[in-house]
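Here's the structure we're looking at; comments come further down.
The values are calculated or read from the model by the stated rules, or taken from the named source; none is laboratory data. It should be emphasised that the depicted structure is a prediction, and the values quoted were computed from it without experimental measurement. A quick note on method: Cβ atoms are made from the backbone with ideal geometry, for glycine too, and the neighbour counts reach across all protein chains shown.
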Amino acid sequence: MGDIVVIGAGLAGLRLARILGRRRRRLEGRHVLFIDAKDTFDYLPALPDVAGGRLKARHVQESLAPYLERQGANVTRGEVVRVDTDAKEVSLADGRVLGYGVLVIACGTVTNFYGLADVQTQAFKLDTANDAVALYDAVRAHPDKKFVVVGGGYTGVEIAGNVALYLRRHRVKKGTVMLVEKAEDILSTLPEWMRDYCRVNLSRLKVALYPECSLAQVGADTVKLSNGIVLTDAVLIWSAGVRPPAFVATLPYKKDRQGRLIVDAGMRCAEDCFAVGDVASFEHRGRPLRMAVQHAVAEADVAAANVVRACLGHGRVKKFRPFDWGYLVPMANGSACGKVMGVRVAGRLGWVLHYFMCLLRSVSGRMRLGILRDLVTDNTPLRRWHT
């Protein structure tokens with residue numbers, strides 16, 4: 001069996017690296033190579049805070065090469081365009097071809113533009129810390145514009161709230177934030193009490209909601225909505241869905257309706273291929289397990305154990321048994337709502353718990369100290385916006 005190649009160095013990938021690093025003696029000389037299109041790890045749950053100016057980009061990033069070297073792994077920068085599962089080769093956009101013995105796909109997801117080339121050209125997205133900085137710079141440079149966020153899921157709600165709070169704390173009177181959602185309501189998969197809570201907080205932040213509405217047309221500084229409203233001097237922000245990277249669609253493995261790789265309880269697509277994190281689809285209680293940081297980490301733990309067992313030729317497979325600790329929707333005005341261990345949580349406590357988890361899941365002490373420093377020194381007068 002050859003080397004271990006991991007596509008993607010996100011949260012699940014780095015968790016995998018740490019575990020394999022601890023067990024490197026059991027890998028019997030096999031090298032671990034990571035492939036990523038970026039040279040940094042970006043902590044995705046914190047990106048809306050970067051876009052709103054609460055957190056600094058450098059505090060939600062970690063350089064991959066030195067981090068992975070400390071775990072006994074190597075990393076090469078490149079975009080994966082094809083995986084030949086018969087030849088066990090990974091092809092990169094620059095023409096390089098890398099062989100593997102065991103493959104782990106941990107590439108996460110990217111923004112889904114649904115083939116809308118004009119939207120992809122004109123809109124801001126939030127896939128990386130650099131994307132968040134670009135949006136923050138646009139808000140700072142043109143605070144009087146109309147910021148149109150398309151997509152009323154978790155990310156859209158958080159972006160809209162953070163941009164709106166930035167405008168309010170800088171006393172921008174003309175700037176407006178609008179949240180457009182095709183469904184009947186924002187956060188349509190969540191319980192009604194949570195949707196109500198988030199609507200109230202968005203209203204306090206002066207975010208205008210447009211449910212049952214979609215983007216009809218986009219041009220330079222112009223946005224037209226399906227309800228006939230035409231907005232000039234507008235900035236388009238797209239958060240209407242995600243998809244796996246394009247190469248995943250070409251893999252000869254089963255996929256769910258979102259295009260994510262269906263895995264078994266061992267996090268396997270095949271005997272020599274594993275998938276973890278948002279790109280993996282694991283059926284739990286009759287439906288795909290939701291994409292979440294806690295599940296990505298747990299999946300990486302299981303996959304790492306099974307990669308080691310595959311290298312040693314052990315037939316026994318460790319099985320993934322998910323446990324959902326809960327979820328929170330953080331609002332920019334210092335409150336949050338959700339469920340933790342089955343208990344409803346709302347208000348400042350939920351907000352504190354969200355950032356506690358951000359600190360806990362950060363991959364280095366430097367990141368934790370940076371995020372904590374940003375939160376402590378943030379001069380946003382939270383009580384003014386909370387009431």
Test residue 17 against the stated conditions and say whether it is within 25 Å of residue 302 (Cα to Cα), in a helix (DSSP H, G or I), of a type in the set (A, V, I, L, M) and without any contact (Cβ under 8 Å) to a residue 40 or more places away in the chain.
no
Considering residues that are part of a helix (DSSP H, G or I) and either on the phi > 0 side of the Ramachandran plot or not polar (S, T, N, Q) (or both), the number found within the range 113-149 is 15
Could you pull out the residue among 152, 161 that is assigned to a loop (DSSP other than H, G, I, E, B), within 19 Å of residue 203 (Cβ to Cβ) and in contact (Cβ under 8 Å) with a residue 40 or more places away in the chain?
152
What number of residues in the range 282-300 are acidic (Asp, Glu) and either surrounded by fewer than 18 Cβ atoms within 10 Å (Cβ to Cβ) or not assigned by TED's automatic domain parsing to the domain that holds residue 14 (or both)?
1
Quickly run through the range 331-378 and pick out the residues that are of a type in the set (Lys, Arg) and in contact with a helix residue (DSSP H, G or I) (Cβ under 7 Å, 6 or more places away or on another chain).
361, 368
The condition of being in contact with a Phe, Trp or Tyr (Cβ under 6 Å, 6 or more places away or on another chain), within 30 Å of residue 161 (Cβ to Cβ) and either not charged (D, E, K, R) or not in a loop (DSSP other than H, G, I, E, B) (or both) holds, among 223, 235, only for 235
From the list 119, 90, exactly one residue is under 22 Å from residue 260 (Cβ atoms) and either aliphatic (A, V, I, L, M) or at pLDDT 95 or above (or both). Which is it?
90
Determine which member of the set 106, 138, 93, 123 is without any contact (Cβ under 8 Å) to a residue 24 or more places away in the chain and either among the aliphatic types (A, V, I, L, M) or farther than 21 Å from residue 17 by Cβ (or both).
93
Of (1) charged (D, E, K, R); (2) assigned to a loop (DSSP other than H, G, I, E, B); (3) touching a Ser or Thr at 6+ places or on another chain (Cβ under 8 Å), residue 82 satisfies all except one. Which?
(2)
Quick check: anything in the range 88-110 out of contact with any helix residue (DSSP H, G or I) (no Cβ under 7 Å at 6 or more places or on another chain), within 30 Å of residue 152 (Cβ to Cβ) and of a type outside the set (Phe, Trp, Tyr)?
yes
If the Cβ limit is 7 Å and pairs must be 6+ apart or interchain, which residue in the range 323-348 that is at positive phi pairs with which residue that is of a type in the set (Val, Ile, Thr) and surrounded by 14 or more Cβ atoms within 10 Å (Cβ to Cβ)?
326/340; 338/329; 338/345
Any hit, the range 239-262, residues being small (Gly, Ala, Ser), surrounded by fewer than 21 Cβ atoms within 10 Å (Cβ to Cβ) and in contact with a helix residue (DSSP H, G or I) (Cβ under 7 Å, 6 or more places away or on another chain)
yes
